[in-house]
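Single-structure report; data block below.
The values are calculated or read from the model by the stated rules, or taken from the named source; none is laboratory data. Please read these numbers as outputs of a predicted model, since none were measured by experiment. Every residue, glycine as well, gets a Cβ built from its backbone with ideal geometry; the counts of neighbours run over all protein chains shown. Protein only, heavy atoms only, side chains kept; ligands, DNA and RNA dropped before computing areas. Shrake-Rupley method; radii C 1.70, N 1.55, O 1.52, S 1.80 Å.
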Amino acid sequence: MEVYEFSKTYEERYHEIHRVFVGAEKPLPASRVSFEWLVFLEKFFDVADWEGLWKIPQFRCERMNVNYPFHLPGTVTAVDFTTGVAEFSTNDEFLEEGDELQREYKVPLEQLWVGVEQKDSKFKADEAAEAVDSFRYFLTYIWLPWDAEEDEETDYFDKYVLMRLQLLCDMKTGKIRRSTAAHIRELLVETHRLNEIRGIVKEEEPSEEITDKMDVLVKINAQMNLLRSKLAMLQDGNLREIYENIHLDIPENYNSIIVTESTDKMSEILKLVQNIDSSRFCVTLQNALMTSNASDKIHIASGKHVITFREYFNSQGAISGVKQLKEVSRMNPSDCKSSLVPVICSELQDHFLIICNGEFTFENIIFDCSNVKYGFVCQDQAKLTLRNCVIRGSTKLSECGIDLKGSGSVTLSNCLITDCFYGIGMKSGTKVDLISTDIVRCEYGIFLEEDCDVTLEDSNFKCCTNYGIYLERFKSDAEIEEKEFSDLSQLQNLPGFQISGTCEGNALVEVEVMEIEIIDED
């Protein structure tokens, strides 16, 4: 199911939260925050039923015995705007025999994404989706469970909203060092996870899994109090440095980082890494990322490097395999074994492997994306460079090898993308350069909207199920609705395409015919 998703600046987030509270009483106590949000949301849902997607949280997936991440399409039949809980009905095709899924669920509204296609044409799905997105963002990044304990005389909006948005902005732009930002995000994720578990435990009767309900709640509350004190220090610019010195191991005075996950690879590293005397050593790539600056240069040897790192890759940093990979487009599965090359992968099934919003370079690396939905997500003004790299997905789970949003751009030189639904997905305003790069065994090699820039030089699309390149909704005054190309060089005649060298593959351009209004001057 295609759903509405939004990417907004922090200033836009501030204004959309402000519009919810602008007519509320002053001061706005924390106890009224939920009420104001639900009153705001109710006016966007004036239909009985609407189509949505439930992105089930990890703990709930465990309780339902389904793999995380799990997205369940269905129909919302009612929403209680006093509690923010929706009645969600699962689509019939997911209720196969042997499935443990139920037909009906009670789901918090913020866990639902509004579908683009709706049965009721009167439903303004885009406006409803944007309203829920604002609510979800607020609950995820601004509201913390202990805020409800705030004094009734405190104005919640003035005290917290701008301060916490500024913190998020500083984390993203590098004003807060990356290791500290990663630590803050981990604490926020753990806070929301524990709060969700606490809510579910309160509602359930004691069982074999929860033998002593009160004991579990006491332990959760103790952990929440510890998280509260840590985040209070980290959110305070004056106390943050004190916290870093006490709790975070942040080395200084080094030129690069060398990851030595396997001691038998030391000889490989010593031969190929220059200036080794000024380098810092880390046992794992995960540890290197958690204790480095965004601009650091990291060297990794052959072997499997498992990461759960979820901070931004930016600020002209780089991760390089010390062994150069040659003729990458000709590599087969046996050449990609971790014993021979460096492989970066995710520990668990997840939404994405790497998220980039600045300038970053990867070289000589295999990215195993077989258990993630997106290999790379490039957003804002991301400028990603991949040299001598392989992005290897899974046809069952990997939706996109590289997903480009905002004004993101990517350059791939001597690379290979294989076994993803979309090799590269491009939103309007993004840019791709493929140099001696192949996209193989994908449903679509490149799936792009209009107003994108694509440069191909000696690059090929092989064994793509549908098309090597698919351009949707290209505006034209031509009479045709769509056009197929078996020769990619013919795309040179379309705006945004630069083709040179030998490029093999096919393409489909879906034309949206422009209506020309003829004015009768008589």
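Please go through region 283-295 and pick out each residue that is crowded, with 16+ Cβ neighbours inside 10 Å and part of a loop (DSSP other than H, G, I, E, B).
Thr291, Ser292, Ala294
Which strands (runs of 3 or more DSSP E) sit wholly inside region 67-184 and have at least 1 residues that are in contact (Cβ under 8 Å) with a residue 60 or more places away in the chain?
Answer list for region 67-184: 70-80, 112-114.
In region 126-176, which residue that is under 20 Å from Leu231 (Cα atoms) and small (Gly, Ala, Ser) is modelled with the highest pLDDT?
In this case the residue turns out to be Ala148.
So which residues in region 125-147 are open to solvent by 60 Å² or more (accessible area, probe 1.4 Å) and more than 13 Å from Glu5 (Cα to Cα)?
Passing the criteria: only Tyr141.
Please give the number of the condition Trp54 fails out of (1) in a loop (DSSP other than H, G, I, E, B); (2) at pLDDT 95 or above; (3) under 20 Å from Glu399 (Cα atoms).
With respect to (1) in a loop (DSSP other than H, G, I, E, B); (2) at pLDDT 95 or above; (3) under 20 Å from Glu399 (Cα atoms), Trp54 is out only on (1).
Of the conditions (1) over 24 Å from Glu152 (Cα atoms); (2) loosely packed, with under 15 Cβ neighbours inside 10 Å, Gly52 satisfies every one except a single condition; which number is it?
So the condition that Gly52 fails would be (2).
Give me a count of the residues in region 9-39 that are open to solvent by 20 Å² or more (accessible area, probe 1.4 Å) and part of a helix (DSSP H, G or I). Steps first, please.
Within region 9-39, the first condition is being open to solvent by 20 Å² or more (accessible area, probe 1.4 Å), and the residues that meet it are 9-12, 14-15, 18-19, 22-23, 25-27, 31-32, 34-36, 39.
So of that shortlist, the ones also part of a helix (DSSP H, G or I) come out as 10-12, 14-15, 18-19, 31-32, 34-36, 39.
Going through region 9-39 one residue at a time, the tally reaches 13.
So that you can scan it fast, the table gives a plain yes or no per residue for (1) over 13 Å from the mean Cα position of the chain (by Cα); (2) surrounded by 20 or more Cβ atoms within 10 Å (Cβ to Cβ):
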position: Ser329; (1), (2): yes, no
position: Pro333; (1), (2): yes, no
position: Val343; (1), (2): yes, yes
position: Phe360; (1), (2): yes, yes
position: Phe367; (1), (2): yes, yes
position: Gly375; (1), (2): no, yes
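If I filter region 296-327 down to residues being crowded, with 23+ Cβ neighbours inside 10 Å and β-branched (Val, Ile, Thr), which single residue comes out as farthest from Glu504 (Cα to Cα)?
So the residue we want is Ile300.
Pairs under 7 Å by beta carbon, first residue open to solvent by 50 Å² or more (accessible area, probe 1.4 Å) in region 496-509, partner of a type in the set (Val, Ile, Thr) and in a strand (DSSP E or B), six or more apart or different chains?
Gln498/Thr455
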